[in-house]
Amino acid sequence: MDKNNSINEIIKLSNKYFEDFNSETPFIPNISSIPVSGKVLDKEDLEYLIRSSLDLWLTSGDFTDEFEKKLRSFTGHRHALFVNSGSSANLLALTSLKILHNIDEGDEVITSAVNFPTTLNPILQNNLTPVLVDAERGTFNIDADLIEAQITKKTKGIVLAHTLGNPYDLDKIKKLADKYDLFLMEDMCDALGSTYKEKNVGTFGDVATLSFYPAHHITTGEGGAVLTNNTQLKKIIESLRDWGRDCYCPPGKDNTCKKRFDWQLGNLPPGYDHKYIYSHIGYNLKATDMQAAIGISQLNKLENFIKARRENFSYLYNEFKNFKEFDLPVWYSDANPSWFGFPLMLNNIAKFTREDLLRFYQERKIGTRLVFAGNITKQPAYLSSNISANREFPIADQIMNNAFWLGVYPGLNFEMLDFIVNETKTFLSINQK
């Protein structure tokens, strides 16, 4: 039996299956949901998934190699390491920086008071001290003008996400990092394709992270990546991801270093098998070839995804600027965001609460989300951690109380966006007194 003929038959059937059971349904107002985010998959994604599964190679392999190569080609990094989630990517990135720079426990790391938990958590998980800085109204990012006042002799780095794909002030933040010899970790999980001065975000700092959860710009189901130009840092990340091992052989390979039984490290006996020598206290945070295969096909569509996100954002922006009750998002002139969502802030003109509006949207199946944790110091998980040092964050509080965002992902069309706009007009006409 010819293997290629068999594969072609399987793919032909899978294409038919996809077309038969994944036809696009028409949008029905008040009946159809308008998700705030979601995956956009086609028969090519299914084909890649099936091809990767046929040889029953269940860990990382050739598809992972190709995905990492295509990913670093797109972002402009020397190294890309595929992992099992964006949260794992953040943990690996910060832990590797701590090791590389010999950072002591208790040393300080600057981050934003408006945050996603797994951007902040690695600081705590590494027994470092997060120093929070208030946000900037309009961009929802850290206020770069407030950072320098928080830098001390114990400050070692800056960890920040580009909120909802909107690049933060990389000029000011990079200058501060260089001035005080601080590392910069860019969480670009919501910002794949965003640029600053025509350069991809994630390439300004020492290390960057991505998430490929279904809500993000491309998806592998679960999945993430760590990106860097620093080869020494890459080796530490790779070791931490792969159980902390010293060996760098790919799965299923032996003796890449050509001296498997010639090492002597730690207090081990000479000749101890290099595959079982551990140089770091690591994890198993690898992803699978099947996930990587979908990532390859998703990357083939990324430029179109980014274009759709920007078009959907522009459409909503041009409509919502007619509503005086909302403060619209702002971005720097040097930035070209690859928007993850369309953020809005209720202002003092509004005669209604955010909850009133979000309940109205929900009844009409219009998806919304808040700006992640808002003022993260108010979250129950952090009340006992004393991360705020009894300081106030007034803009973060405003975001916590009055901000939310609507979807712009490529699965939305203008008919859906029109419905959002028209229903918002209806709500405002009812709630103007």
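At a glance:
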item: Per-residue ³J(HN,Hα) for the stretch 157-164, Karplus 6.51 cos²θ - 1.76 cosθ + 1.60, θ = phi - 60°, Hz, x for Gly and Pro; result: x, 10, 10, 9, 9, 7, 5, 6
item: Check: the stretch 1-61 dipole with +1 on Lys, Arg Cβ and -1 on Asp, Glu Cβ, in debye; result: 100 debye
item: Per residue value of the accessible surface for the chain (all protein chains in place, 1.4 Å probe), Å²; result: 47 Å²
item: Carbon/sulfur fraction of accessible area - the chain, other protein chains in place, 1.4 Å, %; result: 49 percent
item: Segments 33-43, 105-115 sorted - mean Cβ within 10 Å per residue, highest first; result: 105-115, 33-43
item: Built amide H within the under 5 Å cut-off of VAL83, gap 5+; result: GLY224, ALA225, VAL226
item: Among CYS247, VAL201, ALA215 - extreme Cα towards positive end, dipole of the stretch 201-262, charges at beta-carbon; result: CYS247
item: Cut-off under 5 Å, modelled amide H: who pairs with ALA135 long-range; result: ALA113, VAL114, ASP143, ILE395, ALA396
item: Electrostatic dipole magnitude of the chain [Cβ: Lys, Arg +1; Asp, Glu -1; Cα centre; debye, to 20]; result: 280 debye
item: Dipole of the stretch 1-81, positive end: most advanced residue of LEU58, LEU71, GLY38 [Cβ charges, Cα centre]; result: LEU71
item: ³J(HN,Hα), Karplus 6.51/-1.76/1.60, whole Hz, each residue of the stretch 17-29, x for Gly, Pro; result: 4, 4, 5, 6, 10, 10, 5, 6, 8, x, 7, 10, x
item: Pairwise centroid distance, computed over Cα atoms, of the stretch 38-73 with the stretch 370-433, Å; result: 35 Å
item: Alpha carbon centroid spacing (whole Å) that separates the stretch 189-252 from the stretch 74-116; result: 9 Å
item: Where N is the number of residues in the chain, Cα Rg divided by 2.2 N^0.38 Å; result: 1.06
item: Ellipsoid semi-axes in whole angstrom, largest first, where each is sqrt(5λ) of the Cα gyration tensor of the stretch 220-339; result: 48, 17, 12
item: FRET efficiency estimate (nearest 0.05) - Cβ-Cβ, ARG137 to ASP2, R0 45 angstrom; result: 0.10
item: Rounded D (µm²/s) - the stretch 268-400, Kirkwood Rh over Cα pairs, Stokes-Einstein at 4 °C, 1.567 mPa s; result: 64 µm²/s
item: The stretch 414-429 - phi-based ³J(HN,Hα) in whole Hz, Karplus 6.51/-1.76/1.60, Gly and Pro as x; result: 5, 4, 5, 5, 4, 4, 4, 5, 5, 5, 5, 4, 4, 4, 5, 5
item: Projected label distance in nm at ARG359 and CYS257, using a 7 Å step from Cα toward the beta-carbon; result: 6.3 nm
item: Residues with amide H under 5 Å from that of PHE183, placed H, sequence gap 5 or more; result: GLY157, ILE158
item: 222 nm mean residue ellipticity, helices alone, for the chain (DSSP H n ≥ 4; -39,500 (n - 2.57); rounded to 500); result: -11500 deg cm²/dmol
item: Cα→Cβ-extended label distance, 7 Å offset, between ASN318 and HIS101, nm; result: 4.4 nm
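The values are calculated or read from the model by the stated rules, or taken from the named source; none is laboratory data. On a predicted model such as this, the values are computed, not experimentally measured, just so you know. Neighbour counts are summed over all protein chains in view; Cβ atoms, including those assigned to glycine, are modelled from backbone coordinates with ideal geometry. Side chains are part of the model used for accessible areas, which takes the heavy atoms of the whole protein and leaves out ligands, DNA and RNA. Shrake-Rupley method; radii C 1.70, N 1.55, O 1.52, S 1.80 Å.
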